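Participant: Pasting in a structure now, in structure tokens, and then I'll have a few things to ask.
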Amino acid sequence: MDNYLLFATERYGLPILQPLAAALHARGAHVHALFIRGAAGMALPGMMHAIDASAAAALRPRAVFSAANDVPSFIPGAKVQVFHGFNVEKRSDQRGHFRIRGTFDLYCTQGPATTAPFTALAEELRHFAVVETGWPKLDPLFRDDGGAAARLREPAGNRPVILFGSTFTERLSAAPQLHAAIADDIARGDHYWLLTLHPKCSPEWFARYRALAGANAAFIEPEQLISAQRAADALVADTSSIVSEFVVQHKPVVTFRNRAPKPHMLDFHDPQQLPAMLEKALTPSPQLHAAIVAYADLIHPYRDGRSSERVIAAAEDLIAGRFGKLARKPPISWWRGLQLRRELGYWGR
């Protein structure tokens, strides 16, 4: 039976890898994990506990699926990038989503918006392949979740459900600026709020948003985020990748001071505008709905909940040599490999 390895460096990588793990299990594969940094000590439901670097190398996995920027080069097997988020233009292409770090053999892209740039880079650099598969994290958005979303929505009664999410990047985060406005709306009780923060946000803001939970709001842990997105009627966020995740459902998004606002967003700058923006989101115009659908199709046109299966198929095509012979990776990949060896304390072959 084949072995496969999942790699994550942060807790938010786990919901990305969980659908992939389930799809591998359905094939009868052995699924293992190497989780480090913020993901250290974590485990996926129904999967054995994470292993260390020495065990991962000795495992000689058929493929390593990474929901991080890097992947340990010393571990055997095809190195597959499945991404830890959408391109939300927090940084320039050279520093952000389209940065090539020289460690991956295959990039599994989310939709046309990312496929075209990565394909152009693959044609130029020739040391990796690109396949558009959709994003495993979003598979549960389009599958039966066992009633999890309905349970989150139940306390709302007939009220609209608003999801709030924020990035951890301090200069872009809406969490400090919108706290008072959200607290006021929760106190009024016209809407029911599902509140969440990026796992890397400060403990202070976690405590303040958790304190808002009650009859009109609930705090949502990262592992509940997909169900919360299914449950919500509209999203309030900032320059966070949750905006793109939510839009894929063809639902409206309200963004606070987004770094690159687009027609599908209802962007605003004054916290006092929040009630008016919620009203617009909950009664979207035909023009807004058309913009939402167009953007969703550009970034992630897959709504069958089977992106994980396409990722696995692409990895098998790579292993079978169906993409031809790839060029040798650049020297920088060796340097990054040394950095990971030092971090993981692994100096074996």
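The values are calculated or read from the model by the stated rules, or taken from the named source; none is laboratory data. Please read all numbers here as calculations on a predicted model, not as lab measurements. Here Cβ is always computed from backbone atoms with ideal geometry, including for glycine, and neighbour counts include all displayed protein chains.
Participant: Those residues that are outside any loop (DSSP other than H, G, I, E, B) and surrounded by fewer than 24 Cβ atoms within 10 Å (Cβ to Cβ), I need them from the range 232-242; list them, please.
Facilitator: Within the range 232-242, the first condition is being outside any loop (DSSP other than H, G, I, E, B), and the residues that meet it are 234-237, 242.
Within the range 232-242, A234 is the sole residue that qualifies.
Participant: While we're looking at this one, here's another question. What is the one condition in (1) among the polar types (S, T, N, Q); (2) surrounded by 19 or more Cβ atoms within 10 Å (Cβ to Cβ); (3) modelled with pLDDT under 95 that Q339 does not satisfy?
Facilitator: Failing condition for Q339: (2).
Participant: Same structure, new question: With the requirement that a residue be part of a loop (DSSP other than H, G, I, E, B) and in contact with a Lys or Arg (Cβ under 9 Å, 6 or more places away or on another chain), what does the range 285-303 give you?
Facilitator: Across the range 285-303, the qualifying residue is only Y302.
Participant: Identify all residues within the range 149-197 that are surrounded by fewer than 20 Cβ atoms within 10 Å (Cβ to Cβ), among the small types (G, A, S) and assigned to a loop (DSSP other than H, G, I, E, B); write none if there are none.
Facilitator: Within the range 149-197, G157, G189 qualify.
Participant: So which residues in the range 135-148 are surrounded by 13 or more Cβ atoms within 10 Å (Cβ to Cβ) and either of a type in the set (D, E) or not in a loop (DSSP other than H, G, I, E, B) (or both)?
Facilitator: Across the range 135-148, the qualifying residues are P136, K137, L138, D139, P140, L141, F142, D145, A148.
Participant: A218 is checked against (1) free of Cβ contacts under 8 Å to residues at least 12 places away in the same chain; (2) part of a strand (DSSP E or B) and fails just one. What number does that condition carry?
Facilitator: Failing condition for A218: (1).
Participant: Would you confirm whether or not the range 197-211 contains a residue that is touching a strand residue (DSSP E or B) at 6+ places or on another chain (Cβ under 8 Å), among the polar types (S, T, N, Q) and either at negative phi or free of Cβ contacts under 8 Å to residues at least 24 places away in the same chain (or both)? Spell out the reasoning first.
Facilitator: The initial filter retains those residues of the range 197-211 that are touching a strand residue (DSSP E or B) at 6+ places or on another chain (Cβ under 8 Å), namely 209-210.
Still in the list and also among the polar types (S, T, N, Q): none.
So far as the range 197-211 goes, no, none of its residues is touching a strand residue (DSSP E or B) at 6+ places or on another chain (Cβ under 8 Å), among the polar types (S, T, N, Q) and either at negative phi or free of Cβ contacts under 8 Å to residues at least 24 places away in the same chain (or both).
Participant: Continuing with the same structure: Name every residue in the range 25-53 that is closer than 25 Å to G348 by Cα, within 22 Å of the chain's Cα centre (by Cα) and surrounded by 14 or more Cβ atoms within 10 Å (Cβ to Cβ), in order of residue number.
Facilitator: V31, H32, A33, L34, F35, I36, G38, A39, M42, A50, listed by residue number.
Participant: Pull up the range 54-67, narrow it to residues that are touching a residue at least 60 places away in the same chain (Cβ under 8 Å) and surrounded by fewer than 20 Cβ atoms within 10 Å (Cβ to Cβ), then point me to the one that is farthest from the chain's Cα centre (by Cα).
Facilitator: Only one residue tops the list, namely S54.
Participant: Within the range 25-74, how many residues are of a type in the set (D, E, K, R) and more than 13 Å from E10 (Cα to Cα)? It would help to see each step written out before you state the result.
Facilitator: If we filter the range 25-74 for residues that are of a type in the set (D, E, K, R), which is where we start, we get 27, 37, 52, 60, 62, 70.
The next check asks that each one be more than 13 Å from E10 (Cα to Cα); those that pass are 27, 52, 60, 62.
The number of residues fulfilling the criteria is 4.
Participant: Is it true that some residue in the range 287-295 is within 26 Å of L178 (Cβ to Cβ), of a type in the set (A, V, I, L, M), outside the structural domain of A78 (by TED's automatic domain parsing) and under 23 Å from the mean Cα position of the chain (by Cα)? It would help to see each step written out before you state the result.
Facilitator: Of all residues in the range 287-295, those within 26 Å of L178 (Cβ to Cβ) come to 287-289, 291-292, 295.
Narrowing the set further to residues that are of a type in the set (A, V, I, L, M) leaves 288, 291-292.
After this cut, where a residue has to be outside the structural domain of A78 (by TED's automatic domain parsing) as well, the list is 288, 291-292.
Checking which are under 23 Å from the mean Cα position of the chain (by Cα) leaves us with 291-292.
Within the range 287-295, one or more residues are within 26 Å of L178 (Cβ to Cβ), of a type in the set (A, V, I, L, M), outside the structural domain of A78 (by TED's automatic domain parsing) and under 23 Å from the mean Cα position of the chain (by Cα).
Participant: Mind listing just one residue for me: the one in the range 243-260 that is more than 15 Å from the chain's Cα centre (by Cα) and among the charged types (D, E, K, R) and, of those, surrounded by the fewest Cβ atoms within 10 Å (Cβ to Cβ)?
Facilitator: Here the residue is R259.
Participant: Do you know which of the residues in the range 87-127 that are under 27 Å from F246 (Cα atoms) and among the hydrophobic types (A, V, I, L, M, F, W, C) is modelled with the lowest pLDDT?
Facilitator: Within the range 87-127, the subset under 27 Å from F246 (Cα atoms) is 87-100, 106-119.
Right, trim to among the hydrophobic types (A, V, I, L, M, F, W, C) and you get 88, 98, 100, 106, 108, 113, 116, 118.
Working: V88: 65, F98: 76, I100: 90, L106: 98, C108: 98, A113: 94, A116: 95, F118: 96.
Result: V88.
Participant: If you check V71 against the conditions, is it of a type in the set (A, V, I, L, M) and modelled with pLDDT of 95 or more? Even if it seems obvious, please write down each step before you answer.
Facilitator: Values: of a type in the set (A, V, I, L, M): yes; modelled with pLDDT of 95 or more: no.
No: the conditions fail for V71.
Participant: Inside the range 17-38, can you point out the residues that are in a helix (DSSP H, G or I) and in contact with a helix residue (DSSP H, G or I) (Cβ under 6 Å, 6 or more places away or on another chain)? Spell out the reasoning first.
Facilitator: Keep residues of the range 17-38 that are in a helix (DSSP H, G or I), which gives 17-26, 37-38.
Across the range 17-38, the qualifying residues are P19, L20, A23, G38.
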